[in-house]
Amino acid sequence: MLNKRKQKLPIFLMTFLTSIILAITISTNFYISNEFNKTNTFNDPTSLKTADIFSDIIIDDTGGGDYTWEEFKASGYCSGSGTSGSPYLVEDHIFDNDGLGDDCLAIINSRKYFILRNCTFRDSALFDAGLFLDNVTNGVIDECFAYDNYIGFDLDNVNDTEITDNHIYENIAGMTLEGSNFNTIDNNNVSANIDIGIYISSSSSNTISDNLLNNNQNFHGIWLVSNSNENEIFGNTANLNTIGIAIDGPCTGNTISNNEVINNTNSGIQLDDADNNILSSNIANDNTIYGIYLLGGSEDNTISNNEANDNSVIGIGLENSHKNTLLSNTANDNTVNGIYLASGSQYNTVLKNILNYNDVSGIYSDFCSNNEYIQNKLNHNGVGGILLESCQDSVIHDNTAYNNLVNGISINNANNITCTDNTVYENNQNGILLSDSDECKIENNNAHHNGFDGIRIYDNSRWNVIKSNIARYNNLSGIHLLTNCRNNLVMDNTASYNEEHGILLDSSDINTLTGNTASNNEMNGIHLFSSDSNSIFSNTANNNKNGTFLDNSNNNIVANNIFLGNDDCYNETGSTGNIFFDNICTSAGKGLAIDLSTILLIICIIEGVIIAAAASMYFIKKRKS
């Protein structure tokens, strides 16, 4: 018998007792595609063919087993000569276990070409396999059945072998590869196994394609671990597992594409400590927690063109993962967030994703830094389009946030966030909310038709720059500084046509407002309430009720502004120590006020003087001539 130690899957032992019970009662009522369902049943195919039955056979071409290939052929059990043109053909046999333990069929130390076709492998011993290949190349396993084994197919140090069109079910593990490279695993049905579908360890450059991996109950449909690199995993269906496809690193350079991973009890696809992998064009919907999930320091992965919708928690999540690119994914209708960056995830780029109708946010990031959120569409979400909580040194650029239930973009307890060139409109509260945050830049955004303010700076936010934004047609104010916001620069913004004020300072001191246009608002162009020691200069506030109104606000400077066409140039009530000078107005007010008729009169006088001087010079020259 084969003397070998099967210690590579101790994780299966933990669930073995449970597995025995489940194996008795497990349902095989799961989908089998036409391509896989050659017999339209998973019943024992021996009823459909004449078969030889073998127990615990070892083919060892070095002579250490029951047979060499030539001896097996000489016994009449296979045909062929072991060459590429005439491989050994083992066909229509049944391999089982005689009750003494071991694998049903083991092929070891083989370099000959061989095909196993339409064979059945069943009832292996504990920790053993229906089919065990060790130190093997040039094999083909095609249209075989493996069931009621501890492992259906077990490949150790197997290279250049094809596993195609097989049915592997009701085993503890369907298929395992260890130290095996350049193999093709294609079009197999590896479903309804107790623990796992396909397990790949320390194996590289394999192709795993178009397999059905459903209802592998305790673990995953496909599981890559321990330096399994540069594998191609595409076109597979992995549903109703714990995780559809999982990579536990270190693993690098794998491509996972065009797979369907839905209705898994944890995540559709999960990467843990896995770097430089590509996840593209997968469908990861309706999973219990995440559609796609990266954790454990996974870095430099590209997540692109995937669909992660209707998951019970998160569409795409990153936890403590860095330098990844999330590009052109769709994450809609998730119960919490479309994309979630958490726990110190840094230097990630979230670009051109569609993140709509999520119950909380399109993008939610907490305790993260140095991330970029660019050109995403974030509409109709239950709380907000983008929400950054306790983040720093990040960029929010050129996103569209429309019709979110609370805010378009929210930045809370953050530092050095650059928020530029975003379009935020028709959100139920604010277009952009900056709260308890310092040294941020809110620039060149377009915030219009929002239910509250276009841009609201709130709650102890300091040393921020609010510059060159357009904040128009909002139901309250265009720009609003509220509750102890200090030392902020509000510069070169357009805050017009709002239902209340263009720019409102409420309980906010020592701010500078300069170069802004705040015109055609229903109430005041610039309004201060309980706000002291602010500088308001070189602004234009026309056609409002008041150009500037100071209410219970003291020691402010209002200078060099243009206030034309307002009901009142500027006003103050309950305020002291304010200074008004060099403002241009069309109505009487405090300080130096010059109305439009006076300006026109002065211009006419100057023009008259110039004309008279010219005429005088003309007549003087005329007399001299």
Given a 1.4 Å probe and the protein chains all in place, what does the accessible area of CYS144 round to, in Å² to the nearest 10? 0 Å²
Work out the length of the dipole vector of the chain about its Cα centre, built from +1 on the beta-carbon of each Lys and Arg and -1 on the beta-carbon of each Asp and Glu, and round it to the nearest 20 debye. 3380 debye
Can you send over the carbon and sulfur percentage of the accessible area for the stretch 214-284, probe radius 1.4 Å, protein chains only? 43 percent
Accessible-area order for GLU91, GLU439, largest to smallest, probe 1.4 angstrom, reads GLU439, GLU91
Heavy atoms of LEU405: accessible area, 1.4 Å probe, square angstrom to 10: 100 Å²
Just how far, in whole angstrom, is the stretch 432-511 from the stretch 116-179 if you go by their alpha carbon centroids? 65 Å
Restricting the stretch 323-392 to trypsin sites (Lys or Arg not before Pro) in coil, as DSSP defines it, with at most 13 other Cβ within 10 Å: none
Could you state how much accessible area VAL313 has, in square angstrom rounded to the nearest 10, with a 1.4 Å probe and all protein chains kept in place? 50 Å²
Which one of ASN258, GLY244, ILE222 is farthest out on the positive end of the charge dipole of the chain, using unit charges on Cβ (Lys, Arg +1; Asp, Glu -1) and the Cα centre as origin? ASN258
1.4 Å probe accessible area per residue over the chain, in Å²: 38 Å²
Rank ASN399, GLY130, ALA518 by how far each Cα sits towards the positive end of the charge dipole of the chain (+1 on Lys, Arg Cβ; -1 on Asp, Glu Cβ) and give me just the farthest. ALA518
Gyration tensor verdict on the stretch 131-285 (Cα atoms; rounded if a/c is under 1.5, prolate if a/b is larger than b/c, oblate otherwise): oblate
Subtract the Cα-Cα distance of SER535 and ASP300 from 0.36 nm times their separation in residues, and report this length gain in nm to one decimal. 79.9 nm
Taking all protein chains as present, what is the carbon and sulfur share of the accessible area of the stretch 452-578, in % to the nearest whole number, probe 1.4 Å? 43 percent
Ellipsoid semi-axes in whole angstrom, largest first, where each is sqrt(5λ) of the Cα gyration tensor of the chain: 77, 22, 18
Which aspartates and glutamates have a Cα lying under 19 Å from the Cα of LYS323, excluding residues fewer than 8 positions away in the same chain? ASP248, ASP272, ASP273, ASP275, GLU299, ASP300, ASP366, GLU372, ASP393
Can you give the relative contact order of the chain as a percent, counting alpha carbon pairs under 8 Å and 6+ residues apart? 4 percent
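The values are calculated or read from the model by the stated rules, or taken from the named source; none is laboratory data. None of these values were measured; they are calculated from a predicted model. Cβ coordinates were reconstructed from backbone atoms using ideal geometry, including for glycine residues, and neighbour counts include every protein chain displayed. Quick note on the areas: whole protein, heavy atoms, side chains included, nothing else; ligands and nucleic acids left out. Shrake-Rupley method; radii C 1.70, N 1.55, O 1.52, S 1.80 Å.
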